[in-house]
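Encoded as structure tokens, the structure appears first; notes follow it.
The values are calculated or read from the model by the stated rules, or taken from the named source; none is laboratory data. Here the structure is a predicted model, which means the values were calculated and not measured. Because the Cβ atoms are built from the backbone with ideal geometry, glycine has one as well, and the counts that use them run over all protein chains shown. Heavy atoms of the whole protein, side chains included, go into the accessibility calculation; ligands, DNA and RNA do not. Shrake-Rupley method; radii C 1.70, N 1.55, O 1.52, S 1.80 Å.
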Amino acid sequence: MIAENLKKIEERIEAACRRCGRARESVRLIAVSKTKPAEAVAEAYAAGQRLFGENHAQEIVAKKPLLPEDIRWHFIGNLQKNKVKYLVGSVEMIHSVNSEGLAAQIEKQAAKCGLVQDILLEVNVAGESSKQGAAPEALLSLLRFCDSQPHLRLCGLMAVAPFTEDPEESRPYFIRLREMRDGLKPALRDPDAFRELSMGMSGDFETAVEEGATLVRVGTSIFGARNTMK
Ligand SMILES: *Cc1c(COP(=O)(O)O)cnc(C)c1O
């Protein structure tokens with residue numbers, strides 16, 4: 001079932017790439033396994049999937065030892081500062097950096113571990129009060145702060161578009177995020193590293209690919225519905 005779902009998603013990503021003339025390798029699929037057991041992750045792994053996304057630090061801590069070591073974990077959820085220590089050194093990328101306080105904590109932990117942590121800045125692209133990201137107006141100063149931290153590598157932007165049944169409604173937000181990335185890039189210490197756009201979920205990942213997503217985060221369409229709202 002999971003293998004079959006992955007195959008379908010793969011075909012849809014390929015088709016979206018073809019439609020807009022992008023190379024398939026320019027988009028990576030993150031299988032969002034939050035709330036799903038390690039067995040489900042193992043099933044996706046057996047089908048060739050290596051990139052997985054989680055939104056609770058405890059879940060990564062619990063699942064990681066049960067699974068192959070070459071899985072690459074991406075943290076995509078709201079991150080509390082006291083959980084940073086569980087993630088730095090364990091996850092390939094943290095998508096949800098939304099404040100200087102959080103960035104400073106990641107910097108501190110990365111320095112302690114002697115590594116550079118890849119991060120994305122999460123943007124509240126539609127200004128929704130229910131969403132976590134940094135307000136677009138606050139982005140430049142957050143960006144400057146992160147860029148000045150020696151143990152953080154700024155790799156791009158992440159957003160969750162407002163919930164909708166119609167993926168076309170997400171398109172303007174995806175375009176806005178891409179324009180923000182392109183606009184901010186030249187200001188950075190390492191502009192070439194700032195190339196990721198983490199956007200698109202089960203309901204709108206094809207639209208996201210059409211608008212330049214480099215990381216799509218797909219859960220339900222791979223693993224099925226979740227029992228809890230997470
Ligand atoms: C849960 C989650 C996803 C995956 O959502 P689906 O609709 O199940 O594909 C993507 N991004 C974030 C930030 C999430 O929390």
Pairs returned, first residue in segment 196-223 that is more than 26 Å from Arg153 (Cβ to Cβ), second residue that is among the acidic types (Asp, Glu) and open to solvent by 10 Å² or more (accessible area, probe 1.4 Å), beta-carbon separation under 7 angstrom, 6 or more apart or interchain, are Thr207/Glu168
Search segment 167-194 for residues that are without any contact (Cβ under 8 Å) to a residue 40 or more places away in the chain and pair each with any residue that is β-branched (Val, Ile, Thr) and surrounded by 12 or more Cβ atoms within 10 Å (Cβ to Cβ) when their beta-carbon atoms are under 6 Å apart and the residues are at least 6 apart or on different chains.
Ser170/Thr207
For segment 13-30, give me the residue count where each residue is part of a helix (DSSP H, G or I) and crowded, with 16+ Cβ neighbours inside 10 Å.
3
Answer with yes or no whether Gln117 is of a type in the set (S, T, N, Q) and open to solvent by 10 Å² or more (accessible area, probe 1.4 Å).
no
Are any residues in segment 24-78 touching a His at 6+ places or on another chain (Cβ under 7 Å) and within 18 Å of Glu11 (Cα to Cα), and if so, which ones?
Ile30, Leu51
Just the residues that are crowded, with 18+ Cβ neighbours inside 10 Å, among the small types (Gly, Ala, Ser) and part of a loop (DSSP other than H, G, I, E, B), please, taken from segment 31-48.
Ser33
Can you pull out the residues in segment 99-108 that are over 15 Å from Ala134 (Cβ atoms) and surrounded by 19 or more Cβ atoms within 10 Å (Cβ to Cβ)?
Gln105, Glu107
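Name the residue that is farthest from Glu59 (Cα to Cα), counting only residues in segment 75-98 that are touching a Ser or Thr at 6+ places or on another chain (Cβ under 8 Å) and surrounded by 18 or more Cβ atoms within 10 Å (Cβ to Cβ). I'd like the intermediate steps shown before the answer.
Restricting attention to segment 75-98, the residues satisfying the condition of being touching a Ser or Thr at 6+ places or on another chain (Cβ under 8 Å) are 75-79, 95.
Applying the additional criterion that residues be surrounded by 18 or more Cβ atoms within 10 Å (Cβ to Cβ) yields 75-77, 79, 95.
On the way: Phe75: 10, Ile76: 12, Gly77: 11, Leu79: 13, His95: 16 Å.
Among residues in segment 75-98 that are touching a Ser or Thr at 6+ places or on another chain (Cβ under 8 Å) and surrounded by 18 or more Cβ atoms within 10 Å (Cβ to Cβ), the one farthest from Glu59 (Cα to Cα) is His95.
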What is the residue count in segment 37-91 for residues that are touching a helix residue (DSSP H, G or I) at 6+ places or on another chain (Cβ under 7 Å), among the acidic types (Asp, Glu) and farther than 21 Å from Ser198 by Cα?
1
Sort through Gln117, Gln80, Gln49, Gln58 and tell me the only one that's within 26 Å of Gly200 (Cα to Cα), free of Cβ contacts under 8 Å to residues at least 24 places away in the same chain and polar (S, T, N, Q).
Gln80
